[in-house]
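What follows is a single structure, written as structure tokens, with notes after it.
Every read-out reported here was derived from the displayed coordinates using simple, explicitly stated rules and does not represent laboratory data. Computed from a predicted model, the values in this text were never measured in an experiment. Here the Cβ positions follow ideal geometry from the backbone for every residue, glycine too, while neighbour counts run over all protein chains shown.
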Amino acid sequence: MRRWFLDYAATRKNHFIEEPDGSITIDTVQDVGPIIEDNKRAYNAYGDKLTTGKRGTFHHAARVPTTVYERWMRETNGEIQRDPQLLKKYLNDPANKFLRTAPTRL
């Protein structure tokens, strides 16, 4: 197996991997630790859900790492980008709570 550095975006690294059987894999890696920690801080600092300016207006509800969003795009065949209800379903899923920056539901 041979592995080459392919490129580096602001938030992730891509590697080109040539497998022994001749197939090729592109591996994307992202350190999501800082994003998750920022999400936790924002979630815990949100305060009362009924505070003026947090109810009935726009507010920051989630921060999704690029690699997670790309996985969702593959899982839904790109539908998540076109269907806001599907995105809400993913963001309201308790398994994805680590992506939320506010305790409100979408």
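Using θ = phi - 60° and the Karplus relation 6.51 cos²θ - 1.76 cosθ + 1.60, list the HN-Hα couplings for the range 30-38 in order, rounded to whole Hz, with x at every Gly or Pro.
With coefficients 6.51, -1.76 and 1.60, one gets 9, 7, 8, x, x, 5, 5, 5, 4 Hz.
Need one word for the range 31-106: rounded, prolate or oblate. Basis is the Cα gyration tensor (sqrt eigenvalues a ≥ b ≥ c); a/c below 1.5 gives rounded, then a/b vs b/c decides. Intermediate values should be presented prior to the final figure.
Details: a/c = 2.63, a/b = 1.43, b/c = 1.84.
Because a/c hits 1.5 or more and a/b fails to exceed b/c, the range 31-106 counts as oblate.
Excluding residues fewer than 8 places away in the same chain, name every one of the aspartates and glutamates whose C-alpha is closer than 14 Å to that of K89.
E75, E79
Using a simple charge model, +1 on the beta-carbon of Lys and Arg, -1 on the beta-carbon of Asp and Glu, nothing else, what dipole does the range 31-106 show about its Cα centre, in debye to the nearest 20?
Numbers: 14 positive and 9 negative charges, 67 e Å.
My answer is approximately 320 debye.
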